[in-house]
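Rule-based calculations on the coordinates, nothing more; no lab input. It should be emphasised that the depicted structure is a prediction, and the values quoted were computed from it without experimental measurement. Methodologically, a virtual Cβ is constructed for each residue, glycine included, from the backbone with ideal geometry; neighbour enumeration extends over all protein chains shown.
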Number of protein chains: 4
Amino acid sequence: MVELGTNRWGKSGVRLSKLIRGPDHDDFLDLEFQVLLAGDVEPAYLEGDNSAVLPTDTTRNTIYALAQDKLTEDLESFATVLCDHMVAKVGIESADVRIRQRRWHREGRTGFTGGGSERRLARVQGDAAGIRENWAGIEGLVVLKTGGSAFVGFPRDEFTVLPEAEDRVLSTSINAQWVYTDLPANTTSTWESVRDVMLQHFFDDWSASVQHQGWLMARAVLDAVPEIAEISFELPNQHHLPFDLARFGLSDEHTVFHPVSEPYGDIRFTVTR
Amino acid sequence: MVELGTNRWGKSGVRLSKLIRGPDHDDFLDLEFQVLLAGDVEPAYLEGDNSAVLPTDTTRNTIYALAQDKLTEDLESFATVLCDHMVAKVGIESADVRIRQRRWHREGRTGFTGGGSERRLARVQGDAAGIRENWAGIEGLVVLKTGGSAFVGFPRDEFTVLPEAEDRVLSTSINAQWVYTDLPANTTSTWESVRDVMLQHFFDDWSASVQHQGWLMARAVLDAVPEIAEISFELPNQHHLPFDLARFGLSDEHTVFHPVSEPYGDIRFTVTR
Amino acid sequence: MVELGTNRWGKSGVRLSKLIRGPDHDDFLDLEFQVLLAGDVEPAYLEGDNSAVLPTDTTRNTIYALAQDKLTEDLESFATVLCDHMVAKVGIESADVRIRQRRWHREGRTGFTGGGSERRLARVQGDAAGIRENWAGIEGLVVLKTGGSAFVGFPRDEFTVLPEAEDRVLSTSINAQWVYTDLPANTTSTWESVRDVMLQHFFDDWSASVQHQGWLMARAVLDAVPEIAEISFELPNQHHLPFDLARFGLSDEHTVFHPVSEPYGDIRFTVTR
Amino acid sequence: MVELGTNRWGKSGVRLSKLIRGPDHDDFLDLEFQVLLAGDVEPAYLEGDNSAVLPTDTTRNTIYALAQDKLTEDLESFATVLCDHMVAKVGIESADVRIRQRRWHREGRTGFTGGGSERRLARVQGDAAGIRENWAGIEGLVVLKTGGSAFVGFPRDEFTVLPEAEDRVLSTSINAQWVYTDLPANTTSTWESVRDVMLQHFFDDWSASVQHQGWLMARAVLDAVPEIAEISFELPNQHHLPFDLARFGLSDEHTVFHPVSEPYGDIRFTVTR
């Protein structure tokens, strides 16, 4: 006897941009949506009865249709609009709305430069009973520093050949998500503050490891933004490996490195109040 | 007052290949590893004390070092070897070992063709107390059918324009993971059986939706392999959209489509016993 | 005084699929088009006068519109249809049509598996005076062999540390393009023959280098297909590097490798009659 | 009778980073190299004789070995060093050296942010007779503007449905390469000037098409930098398509768009003196 467990359906990879004309300059939002629903759709699985399966194409259309009037820079607010709209439907029990923003840098009144890997994330999970959980995040914020990072004092076993490093190049792509107990009054400026605090503590704080660096960043974010209950990080260690020049008879000054995209050190942690 | 929550560290994206010479033909394993550890490393975060932080470089070296003697086609067995090795260390409480295999198709005694998106996944999660959880999976198995798929009878709202389809092109990339109550005697042939059952029921069973198709596949897998306790699927609906030719004054025979990589219908579910 | 030189415009990345119903089984073509045009559009550049600039959106629509009646498995034939259509327009002097086919493997009457990196390429370049140049190609055909490949006898300088290898793992992604003096009667079966000959000579012929292996493949293709005037290869050497286990005190059996995606040996050559 | 035509060999995808300590702040260069050689290696192809085939691994090592002393921000200068080194070898007739720089933005004394798609390109082609051709370029500079772009007055045929647009969102990824008659005294500041001029004329100049916009940019670059003989552009039109809201009974304000990565308008041209 087999049975259906948890299940969700919706649309992912929905790209949408919106032009907001202003008196002094235009704004331009460049977003990607994922909306996943849960509800009573067991008959769809077991019997092929689609009477409760809102088409994923409808979910996509809904995003565009509501965006014209409701979408602003306050992404959490629009995610809530979408969540509310979805869970108000008969048979939809919960909705999980994620918005990722590609960032454009303003260049004058109507111009922008882009192309960066960094994304702002806004996420609202909600149900038909009115519960709402508000998340935000940063993805792909690539940083590097040439000083203020060490890695020494680690345990050694038969397969350890890594030399101790009192001063090394440290690079990572910051990926962090946090949950708000209460939504801040201005989600965009709060997000900017979180980003500023992260960068400041990555660049200015000496660290003994990726873990230590991450802790310093996380603690500072929680100190700075009281509405954040908890924050999780994924910090890939994007290695710039020493390239051994001594084997060519050269004196190795340790200034030339071999950056590799794989493998990478994979550091993940959560910090709570 | 902030405090450290759950945390893990290790190495991801470790690529390793192994040549196994045989009397009649060679075998060639092409793998990617991820090994994440948990343990008592709070001092590393709070104080920069690395005395318990096994370097991720050591984790990487361990994979290569153990592979020479222990790695065979039975990936779950080698994942267990790695897991056992890691949790035997002082201070390591648990290990999560994932192995992804790129598949090569044999061409004669020493030749192979490759380049496909499909991956076999083996995963062992274990702790220092001796608990082991054994997972397996398939990722990126791309399938399409030109018959035996419908989507009708769904609810319509103000944003629904999708026409009902009695007969449509259905394509997805099968991603599935399952957990074994007991490891099968031959994990490789069991994996092949799961794959065969999935394909058979995708190609042969008429379905009313991706959900219905997925249920038929999942149920058949659970019927065929008693060692599987539970299976989860992620089935992106890779749309081949009709391209409207009528606006050019042509009679539209509905044979020409526009495949899109985004957005995609996103169907996720678990089936249990 | 600056002036406009060579220039082209058109549409790239046009994905199109076509379903061809058959009595015994269906066929499914999954294609990507690039159509670049040249013509007298200097006023568009210098003066912003678009009267000769066929919109790239029109080029895209043309591909879909003509595909319903004219597109078959004979890709070169359809590329010629597109080329003829374009250069017949006032102001269009030449057209360069490329079609890349994603290959699906038939599974029964209506089923297919896909997901491979391999592509079939068809290309027709033509002009308003009636000249047509017919190209075909293979891209992303990934192959590997565990025997029959050496690399010895190369020159050594102060930066050479590569050991000689009498027997090594050799892997590449075959990328080849060839030009036909006359189009073969059946372009699809000819393409299949070229592919078979390449694979046979990669797997069966002992080689002293990627260059030597490529020569043997190219020569065999030219021997087998008299309509081919010239063939060019790009053969990235996808290295499986030895992973040094001796530094861990292990006896190294040279069966464990570290595959890397970058850097890669980059071998390019043309063979003519 | 078949024979070997043009051929080259070398290493691609060689990633190298270099740390340059400074009194006030550090510099960090993050580069990717491609070095292709030509020479008399016909015996390698026809007979498997490698006596003239400099291993691609040696080419890679050479890049790292010379970088320690010779590599600075003046990429063209280091490309020349590599080219000179290679063509000085017996049997090497010419070398083609390309360097792509990932750009990092300085953040304080030792910090940097990165992750952008933009690359600086430097290229030197040279031969054993002493001829050197110096190229530079920009790749992946993503720009967008919400005003100052139109596309009207184009020809219409039976497959044209594109509406005329007096004011549209225009976005592209600037890819340009240019050749220097003489190397400027400071290749880095010249490169920055070219970039500034391109951006200024993209953002400030009204254009009637991508072609027109490109011409204005190219002409301005040639006006600003006398050492540039010729410049070529590839400007993909990265469409933000209107999403039709009228079909949902909404009044469509034309502020909501659907960005697509494929297909794209493909505009390519060269401007010379």
Can you name the residue in region D:241-257 that is outside any loop (DSSP other than H, G, I, E, B) and more than 14 Å from chain C (Cβ to nearest Cβ) and, of all such residues, is surrounded by the fewest Cβ atoms within 10 Å (Cβ to Cβ)? D:ALA246
How many residues does region D:147-174 hold that are in contact with a Lys or Arg (Cβ under 9 Å, 6 or more places away or on another chain) and either of a type in the set (Lys, Arg) or surrounded by fewer than 21 Cβ atoms within 10 Å (Cβ to Cβ) (or both)? 6
Can you name the condition, by its number, that A:PRO184 falls short on among (1) in contact (Cβ under 8 Å) with a residue 60 or more places away in the chain; (2) under 20 Å from the mean Cα position of the chain (by Cα)? (1)
Of the candidates A:LEU216, A:LEU199, the one satisfying the condition of being touching a residue at least 40 places away in the same chain (Cβ under 8 Å), buried (at least 17 other Cβ atoms within 10 Å of the Cβ), in a helix (DSSP H, G or I) and of a type in the set (A, V, I, L, M, F, W, C) is A:LEU199
Are there any helices (runs of 4 or more DSSP H) wholly within region B:16-100 with 3 or more residues that are within 11 Å of chain A (Cβ to nearest Cβ) and closer than 21 Å to C:PRO259 by Cα, and if so which? B:56-70
Matching residues, region C:219-240, being hydrophobic (A, V, I, L, M, F, W, C) and part of a helix (DSSP H, G or I): C:ALA220, C:VAL221, C:LEU222, C:ALA224
Looking only at residues in region A:102-118 that are in contact (Cβ under 8 Å) with a residue 24 or more places away in the chain and crowded, with 18+ Cβ neighbours inside 10 Å, which one is farthest from the other protein chains (Cβ to nearest Cβ)? A:ARG102
Out of the residues in region B:191-217 that are over 18 Å from the mean Cα position of the chain (by Cα) and of a type in the set (D, E, K, R), which is nearest to C:GLY108 (Cα to Cα)? B:ASP204
Out of C:VAL194, C:VAL210, I need the residue that is buried (at least 20 other Cβ atoms within 10 Å of the Cβ) and away from chain D (no Cβ under 14 Å). Which one? C:VAL194
Based on what the data block shows, is C:GLY10 at the interface with chain D (Cβ under 8 Å from one of its Cβ atoms), surrounded by 23 or more Cβ atoms within 10 Å (Cβ to Cβ) and touching a helix residue (DSSP H, G or I) at 6+ places or on another chain (Cβ under 8 Å)? yes
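Taking the criterion of being within 27 Å of C:GLY13 (Cβ to Cβ) and among the charged types (D, E, K, R), would at least one residue in region B:213-234 satisfy it? Working first, answer last.
Our first condition is that a residue be within 27 Å of C:GLY13 (Cβ to Cβ); within region B:213-234, this holds for B:234.
Those still in the list that are among the charged types (D, E, K, R) too: B:234.
Yes.
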Of all residues in region D:219-234 being in contact with a helix residue (DSSP H, G or I) (Cβ under 8 Å, 6 or more places away or on another chain) and more than 11 Å from every other protein chain (Cβ to nearest Cβ), the one that is surrounded by the most Cβ atoms within 10 Å (Cβ to Cβ): D:VAL225
Go through region D:44-72 and report how many residues are touching a strand residue (DSSP E or B) at 6+ places or on another chain (Cβ under 7 Å) and charged (D, E, K, R). 1
